[in-house]
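Participant: Can you keep this structure in mind? I'll have questions shortly.
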Amino acid sequence: MTTLDEAVLARNDRYVRQFVEAFQLCPYAKSCRESGKLHRRVVRARADALPAIREIEEMPENAVEVVLLIFPEERADGEPSARAFEAYCATLREQMFAAHPAGAPFYCVAFHPDLPRDLQDAHRAVRFIRRSPDPTLQLVRASVLQSVRGQRAGGSRYLDVSRLSLEEAMALVSPISLSERIAAANLETLRREGPDRLEALLASLRLGGHP
């Protein structure tokens, strides 16, 4: 691992700890990291992403639940760049589906430093929370979401949650949408803590410092 890779991973770790965990924006983030089931990898080029995913898919299922593929060399120059990265994520997700007709092992979603700050409602605010220091792909193991649903619903009927959005998959956990409750709580947190202050924090984490 190069010194640059170490700096990229440290930057991401600060984002996870000082933003996502510190403000409890994801109820599973801290436990996943502390259990060692969060896997982070620096990816230098888009062409390297799919081979990296194939390697990760071969890892034991109980070894990794969430993956962060970090692209420090992707251009991050405003919302057009963020939209392009989200489109790339969608294309990559289709490739993952094509390789696993019975259901992809992971669901993939894009994080990017230039995702919009739109706090008009809870679901729009999700993109602001995904404003990571570097363009990043988050992979969540589909079987983890599936098992949570089975525990809550009292059944084990197969459902390919990898074909749903992460929010849709979480919504299956209970009759009252878990994703809606988390999104609503997060919006309340963003408004309480102050969007300007949190935006400054995110900017500082991107630069590697403190506001």
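Participant: Quick check on residue 127: is it part of a loop (DSSP other than H, G, I, E, B) and within 20 Å of residue 16 (Cα to Cα)? Talk me through it step by step, then tell me what you get.
Facilitator: Details: part of a loop (DSSP other than H, G, I, E, B): no; within 20 Å of residue 16 (Cα to Cα): yes.
So residue 127 does not fit the description; no.
Participant: Here's another thing I want to ask about it. What is the one condition in (1) small (Gly, Ala, Ser); (2) in contact (Cβ under 8 Å) with a residue 60 or more places away in the chain; (3) over 15 Å from residue 109 (Cα atoms) that residue 49 does not satisfy?
Facilitator: That leaves (3) as the condition not met.
Participant: Applying the selection to the range 1-34, what residues are out of contact with any strand residue (DSSP E or B) (no Cβ under 6 Å at 6 or more places or on another chain), in contact (Cβ under 8 Å) with a residue 12 or more places away in the chain and polar (S, T, N, Q)?
Facilitator: 18, 24
Participant: Another question about this same structure. Are any of the residues in the range 36-43 in contact with a Pro (Cβ under 9 Å, 6 or more places away or on another chain) and on the phi < 0 side of the Ramachandran plot?
Facilitator: Yes, there is a match, as at least one residue in the range 36-43 is in contact with a Pro (Cβ under 9 Å, 6 or more places away or on another chain) and on the phi < 0 side of the Ramachandran plot.
Participant: For residues that are part of a helix (DSSP H, G or I) and within 14 Å of residue 191 (Cβ to Cβ), tally how many sit in the range 113-124.
Facilitator: 2
Participant: Moving on. Considering only the range 52-85, how many residues are buried (at least 18 other Cβ atoms within 10 Å of the Cβ), under 28 Å from residue 34 (Cα atoms) and not β-branched (Val, Ile, Thr)?
Facilitator: Here the count works out to 6.
Participant: Something else about it: Considering each residue of the range 58-100, count those that are part of a loop (DSSP other than H, G, I, E, B), more than 15 Å from the chain's Cα centre (by Cα) and farther than 17 Å from residue 140 by Cβ, and give that number.
Facilitator: 8
Participant: Consider residue 117 carefully, then state whether it is modelled with pLDDT of 85 or more and either surrounded by 15 or more Cβ atoms within 10 Å (Cβ to Cβ) or of a type outside the set (A, V, I, L, M, F, W, C) (or both). Write out each step before concluding.
Facilitator: Values: modelled with pLDDT of 85 or more: yes; either surrounded by 15 or more Cβ atoms within 10 Å (Cβ to Cβ) or of a type outside the set (A, V, I, L, M, F, W, C) (or both): yes.
Taking the combined requirement at face value, the residue satisfies it.
The values are calculated or read from the model by the stated rules, or taken from the named source; none is laboratory data. Keep in mind that this is a model prediction, so the values were computed, not measured. Here Cβ is always computed from backbone atoms with ideal geometry, including for glycine, and neighbour counts include all displayed protein chains.
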